[in-house]
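Visitor: Structure incoming, see below.
The values are calculated or read from the model by the stated rules, or taken from the named source; none is laboratory data. Keep in mind that what you see is a predicted model, and the values were worked out from it rather than measured. Note that we place each Cβ from the backbone using ideal geometry, even for glycine, and neighbour counts take in every protein chain shown. What goes into the accessible areas is simple: the full protein's heavy atoms, side chains included, and nothing from ligands, DNA or RNA. Shrake-Rupley method; radii C 1.70, N 1.55, O 1.52, S 1.80 Å.
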Amino acid sequence: GVAQEGTRRPLPARPRAFPRSFSTPIPAGAGAGPLRTMAEVGMSFEDRVGETLVKQSGDLEGRGFSLKNLERCTVIIMDSSAEGACEGVTDSRILVGPCSGLVSVANCDNCVVSVVCQELKLSGCRSLKVYARTSKPITLEQCEDIGVGAFNVDYADLQAQMEKAGMDADAPVEASVQDLSEGEQPSWRALEPAETWLPLEESMAIPMEAADDDDQAVPPAAPAETAELELETVPVPLAEPELEPELEPEPASDIAALPSPVEPEPTDAELYPEYAKWLEEWEASLEAKRAQQEEVSLKNRKLGAEAMDKFFDERTDAKARRQSANRQAQEEKLRLINSRLERGDDQPWDAVADLVDLKVEGGTERQRKLIIQLKNMPLERTRS
């Protein structure tokens, strides 16, 4: 296998769980012995950015594979496998050769996937173009904007690998879909037939470089007594010169610089221009109402402050007037008392009249007249 070096950085893990555990038993190949786990015998590419990752025929030998947390990568697997899993891949292009079991694709966004397998399951995926050839219907769970079309890849060992995986090479190319996603609208659409992809030419154009240990792409050097066996089990595919004799292999930089096969999603303003215009006008009207309300609030606060000042001023003036009137009445009362003391008690009804408010009119009219009469004509005078 060959891996092209690229920029690496750790990618955050997806919040949803992987659809199938790595410890699930995987057959080691057709006619193999006891079952082994994918962690022991499988191939995995994880946490890659901007790389081209290739597995040639004979690299997997019917084992499983996993792809996890890849971004802007091109993955080419031109070999048969037992089972595969793909999680957290974004803005990438993936080729999976014939798989004799289930291929699970979970939580992937904006990718182009070409796959040949017995069964294909997609869960939590968005904006995918899937070109598949499957024995069972493709299962979609909680997916959105999935395009499904006929398998569009061809390379030298494809037919032989399909027979090894137990698939009929003469079966219909188009795959059926079983949509289990919730929602009123279907989560998938049919794609037009795409141009045939020849990954063999791209993989031959990639420079042969040593991969890292975690790639599991370049096997260690074989001992002298097993060198012949390794050469037989890991054949190197050769391009057929008679098909396109004048074509030259493309440089590796051209493959790494391939644009994303899936166009970016349009914005809401591009999808709904009338709604965007209405939303802008509505926000402008809200801003105008807010400014108007702030102006009215300031005006009312000013008027309220002026009214409160006026109220307190009037109350202070009224209190001062009442105090002045009370002082005058008290002084008048004291003056009358002093004058009466000076005259003596010869006119007691004058004192009684002074203690009564004779200006009040009402039901006491008789008593008022009587007091006035006694004041003016005491009993001593009337008796005499």
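Visitor: Scanning for something open to solvent by 80 Å² or more (accessible area, probe 1.4 Å), in contact with an Asp or Glu (Cβ under 9 Å, 6 or more places away or on another chain) and modelled with pLDDT under 95, does the range 275-291 turn up at least one residue?
Guide: Checked against the condition, which is being open to solvent by 80 Å² or more (accessible area, probe 1.4 Å), in contact with an Asp or Glu (Cβ under 9 Å, 6 or more places away or on another chain) and modelled with pLDDT under 95, the range 275-291 yields at least one hit.
Results for (1) modelled with pLDDT of 95 or more; (2) of a type outside the set (A, V, I, L, M), shown as yes or no for each residue.
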| residue | (1), (2) |
| --- | --- |
| 79 | no, yes |
| 96 | no, no |
| 100 | no, yes |
| 108 | yes, yes |
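Visitor: Another one. What do you reckon, is residue 120 open to solvent by less than 10 Å² (accessible area, probe 1.4 Å) and assigned to a strand (DSSP E or B)?
Guide: Spelling it out, residue 120 is indeed open to solvent by less than 10 Å² (accessible area, probe 1.4 Å) and assigned to a strand (DSSP E or B).
Visitor: Give the residues of the range 62-90 that are over 16 Å from residue 135 (Cα atoms), touching a Leu at 6+ places or on another chain (Cβ under 9 Å) and not in a strand (DSSP E or B), sorted by residue number.
Guide: 73, 78, 79, 88, 89
Visitor: If you go through the range 91-104 one residue at a time, how many are out of contact with any helix residue (DSSP H, G or I) (no Cβ under 6 Å at 6 or more places or on another chain), in a strand (DSSP E or B) and of a type outside the set (Gly, Ala, Ser)?
Guide: Residues that pass the stated criteria total 6.
Visitor: While we're looking at this one, here's another question. So the check is Cβ under 7 Å with 6+ separation or different chains; which pairs have a first residue in the range 165-185 that's under 23 Å from residue 97 (Cβ atoms) and a second one that's part of a loop (DSSP other than H, G, I, E, B) and modelled with pLDDT of 75 or more?
Guide: 165/80; 167/135; 173/151; 176/137; 177/137
Visitor: Of all residues in the range 175-195 being surrounded by fewer than 14 Cβ atoms within 10 Å (Cβ to Cβ) and modelled with pLDDT under 80, which is nearest to residue 120 (Cα to Cα)?
Guide: The residue in question is 182.
Visitor: Taking the range 141-174 as the search range and keeping residues that are among the charged types (D, E, K, R) and over 41 Å from the mean Cα position of the chain (by Cα), which one is modelled with the lowest pLDDT?
Guide: My answer is 170.
Visitor: Of everything in the range 61-77, what is at pLDDT 90 or above and basic (Lys, Arg)? Give them in sequence order.
Guide: Result: 68, 72.
Visitor: What residue, of 329, 269, is surrounded by 10 or more Cβ atoms within 10 Å (Cβ to Cβ), at pLDDT below 95, of a type in the set (A, V, I, L, M) and in contact with a helix residue (DSSP H, G or I) (Cβ under 6 Å, 6 or more places away or on another chain)?
Guide: Among 329, 269, only 269 is surrounded by 10 or more Cβ atoms within 10 Å (Cβ to Cβ), at pLDDT below 95, of a type in the set (A, V, I, L, M) and in contact with a helix residue (DSSP H, G or I) (Cβ under 6 Å, 6 or more places away or on another chain).
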